[in-house]
Amino acid sequence: MNLLLNLTAQGLINGAIYALIAVGLALVFGMLRILHIAHAGLFTLGGYAGLVVTNATGSFALGLALAMLVSSVCGVLMYRFCYEPILSQPAYVPLIASVGMFLAIGELLRLVFGDKGMAYLVPPLPGGIDIVGIHLRYAELAVVVLACVLFSALAWFSSRSRMGMAWRATISEPRMAESCGVDLRHVRYLTFAIGSAFAAVAGVLVSVLNNVVDPTMGAVPSYKALAIIVLGGLGNMGGTLAAALLLGVLEAFGATYLSAWIDRDSLAFAAMLCVLLVRPEGLFARASGQGAVFTLMQLKGAAKWALMKRPS
């Protein structure tokens, strides 16, 4: 029983990190139908920014905040100068550009910081605590707490504020939202800023858990995030979160019971292939009727937000 609880806890912790990474990928795909592979580069950039600032100042909170800011700004710049000029091109063009940006970020970090990795001078959040027989490090608890806080804030923003409703409406039905007066460009900037900030948090947390960052740390999360948004239903935020937690638990148990047959990092693709064979739309795809009612509610809020922004 203790082993099962430990595996479940570790799976949920890993799943929370996967969710922080995948949410930005799901947001961008839901809005622009672009596979934002460069998102993994922002995850790596966040890890480096958090470590460098923490080592320089001794403040982990400041390192986390600046990592979110740096990745958000870079995410917005990616959209403005790399994606926006080619949105009218075939889908493979933004995909190629995204892969190029991901490789460029990795090589730039390698040139600046070297390829051997970096570690915290004084690892943040040392020590741990026992909860119902499970030993958890404070860094692992921080993963769960930050994930819950950030996703709760995102849920409140998207469902309670008029700007959030406009944002959700734009993701679901961009043309209809634009006809209601929503500025698509500003909403897209917001999407890249939020998704990039979440990726930075994941990068910082992974660097704390492993006490190392290196230019290649975004390679594995990039394909796992892709598998997660497919499992959750492309563009479905709730499905993405559920799929991330499910994959984390699956990996934890698979690494213990299936390690003789399959590598842990291969489980994500194995799960994705199995799901695609029986349910190509993903495990948590929303029914079309429910989606239509939901979109009308979103557009109503979007129209109110747009009218409030117009000068009298």
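Things to note:
- Flag if PRO126 is without any contact (Cβ under 8 Å) to a residue 24 or more places away in the chain, open to solvent by 30 Å² or more (accessible area, probe 1.4 Å) and closer than 24 Å to MET31 by Cβ: no
- Residues of segment 47-68 satisfying the condition of being outside any loop (DSSP other than H, G, I, E, B), open to solvent by less than 50 Å² (accessible area, probe 1.4 Å) and without any contact (Cβ under 8 Å) to a residue 40 or more places away in the chain: VAL53
- Residue within segment 33-44 that is farther than 22 Å from GLY128 by Cα, in contact with a strand residue (DSSP E or B) (Cβ under 8 Å, 6 or more places away or on another chain) and in contact (Cβ under 8 Å) with a residue 60 or more places away in the chain present: yes
- Residues of segment 241-281 that are under 30 Å from LEU154 (Cα atoms), modelled with pLDDT of 80 or more, open to solvent by less than 20 Å² (accessible area, probe 1.4 Å) and among the small types (Gly, Ala, Ser): ALA243, ALA244, GLY248, ALA252.
- Matching residues, segment 1-12, being within 20 Å of LEU141 (Cα to Cα) and open to solvent by 10 Å² or more (accessible area, probe 1.4 Å): ASN2, LEU3, LEU4, LEU5, ASN6, LEU7, THR8, ALA9, GLN10, LEU12
- Of the residues making up segment 180-218, those that are touching a helix residue (DSSP H, G or I) at 6+ places or on another chain (Cβ under 6 Å) and part of a loop (DSSP other than H, G, I, E, B) are CYS180, GLY181, VAL182, PRO215, MET217, GLY218.
- Summed over segment 86-122, the residues that are part of a helix (DSSP H, G or I), within 24 Å of the chain's Cα centre (by Cα) and under 20 Å from GLY75 (Cβ atoms) give a count of 18.
- Residue within segment 229-240 that is touching a residue at least 60 places away in the same chain (Cβ under 8 Å), surrounded by fewer than 23 Cβ atoms within 10 Å (Cβ to Cβ) and more than 20 Å from the chain's Cα centre (by Cα) present: no
- So LEU245, is it in contact (Cβ under 8 Å) with a residue 60 or more places away in the chain, within 19 Å of ASN6 (Cα to Cα), under 14 Å from the mean Cα position of the chain (by Cα) and not in a loop (DSSP other than H, G, I, E, B): yes
- Filter result for ALA38 (within 14 Å of the chain's Cα centre (by Cα) and either surrounded by fewer than 15 Cβ atoms within 10 Å (Cβ to Cβ) or not aromatic (Phe, Trp, Tyr) (or both)): yes
The values are calculated or read from the model by the stated rules, or taken from the named source; none is laboratory data. Keep in mind that what you see is a predicted model, and the values were worked out from it rather than measured. Methodologically, a virtual Cβ is constructed for each residue, glycine included, from the backbone with ideal geometry; neighbour enumeration extends over all protein chains shown. We work out accessible area using only protein heavy atoms, side chains counted, and drop any ligands, DNA or RNA first. Shrake-Rupley method; radii C 1.70, N 1.55, O 1.52, S 1.80 Å.
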